[in-house]
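First the structure, in the form of C-alpha cells, and then the observations on it.
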Amino acid sequence: MIPQNIGMTLLYALTWMPILLLNQPVGFAGETRSIAGNTLPAGRLGEVIKLGESIITETSQHPLSSRYVGNDLNCTSCHLNSGRHHHAGSFLKTATAYPAWSPREQRVITLEDRILNCFMRSQNGQRPPNGSAVSVAIAAYITWLSEGDSIKLNPLKPLGPNHTPAVNLEGMKANVQRGKTLYVDRCADCHGNDGLGDLSNPPVWGPNSYNDGAGLSRVPKLASWLKVAMPLDDEDLTVQEALDIAAYINSHPRPHFDLPAHLPSDERLGEYNGVRESSSHAKER
C-alpha cells in the first residue's frame, strides 16, 4: 500500500483553508455551483460535497485518499467528468438506487459500501473505513447529483439508473490481434503503446492500473464502457471494435485481486457488509 504522507496534516489544512474562508459555497471559478439544476447547499454540507468532488478528481494524489489507493487511477478515470457523464460510469441519479442487493457481496449494500469496495478493486488499494472523511465526502457528492430524483431501490444489482449500458455481444467473438491494431490506431496516442499512460491519461494495464477483481477486467463490461466513453469526445467505436480493444487491453497483465489483502484490520474497518471469500470467488459480477 501507499504509505500515509508525512505532510498529510499540513496538506489537509491547506486543502480546507480556502473553503473555510468562504461564506457560501462557490465554484472553482467563483460562481455558485450548479449541476442538473441543483446548487450546493450552504454551510458545512456544501463544503463536504465540494471536498467529495475534489477527492473523485484527484483520488490518487489527494491527501485524504491517496493512502488508500494502490495505483495511478482516480475515480474520474472511469467515472468521466467526475461522474457527470451521462453514460460512462455516471453518478447522476446513482444514489436513488441504494441500498441495493449486491450479487458479489451476497448482501444488501449501501452507497458508501459501493464506494469503499471500489477502492479495493478499481484502485487496487485498501478499503477506507466506513464513516471516514473520504467515504462521507464522496457519498455526499454522489447523493447531491441525485437530489430531486425519485428513489427506486435496486433489488437486482448495485447500479443506478444511468449505469453504463451493456452492449449486445450476441454472436460476436473478440479478436485480440485486431484489437491490438485498433488500440495502436485509436488509443496509443493517449495511453501509450505500452498501456502505461502518462501524467494526463490513466494506465490501462500494468502494475498501476485496475486489478483483475475490478469490473473493467471483464471484457464485456470494458467493451460496454469503451463504446460510450472512448475515444474521449469522439465516441465512434462500433460494438465489434470496442469488444476487440477490450479483449486486447485485458490480455495484458495487471495486479491480482486478493480480498483479504485489501481489507484493513478489523479495528480500522468499520462494518464490512460482505462475505470474506477467497479471491477466486470475489470477482466483480
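The values are calculated or read from the model by the stated rules, or taken from the named source; none is laboratory data. Note that the structure is a prediction, hence the values are computed from the model and not measured. Note: ideal-geometry Cβ built from the backbone for every residue, glycine included; neighbour counts use all protein chains shown. Only protein heavy atoms, including side chains, enter the accessible area calculation; ligands, DNA and RNA are left aside. Shrake-Rupley method; radii C 1.70, N 1.55, O 1.52, S 1.80 Å.
Odds and ends about this structure:
- Extension gain, Asp266-Arg84: 0.36 nm per intervening residue step, less the Cα-Cα distance, totals 62.1 nm.
- Extension gain for the segment Ser150 to Trp101, taken as residue separation times 0.36 nm less the Cα-Cα distance, is 15.8 nm to one decimal.
- Per residue, the convex hull spanned by the Cα atoms of the stretch 49-90 measures out at 59 cubic angstrom.
- Accessible surface ranking for Leu263, Leu159, 1.4 angstrom probe, highest first: Leu159, Leu263.
- Inter-probe distance in nm under a simple model that places probes 7 Å from Cα toward Cβ, at Ala166 and Leu199: 4.1
- Peptide packing for 232-241, 71-80, 144-153 was compared via the average number of neighbouring C-beta atoms within 10 Å per residue; ordered from the highest value, the list is 71-80, 144-153, 232-241.
- Once the Cα-Cα distance is subtracted from the 0.36 nm per residue extended length, the Asp185 to Asn38 segment shows a gain of 48.9 nm.
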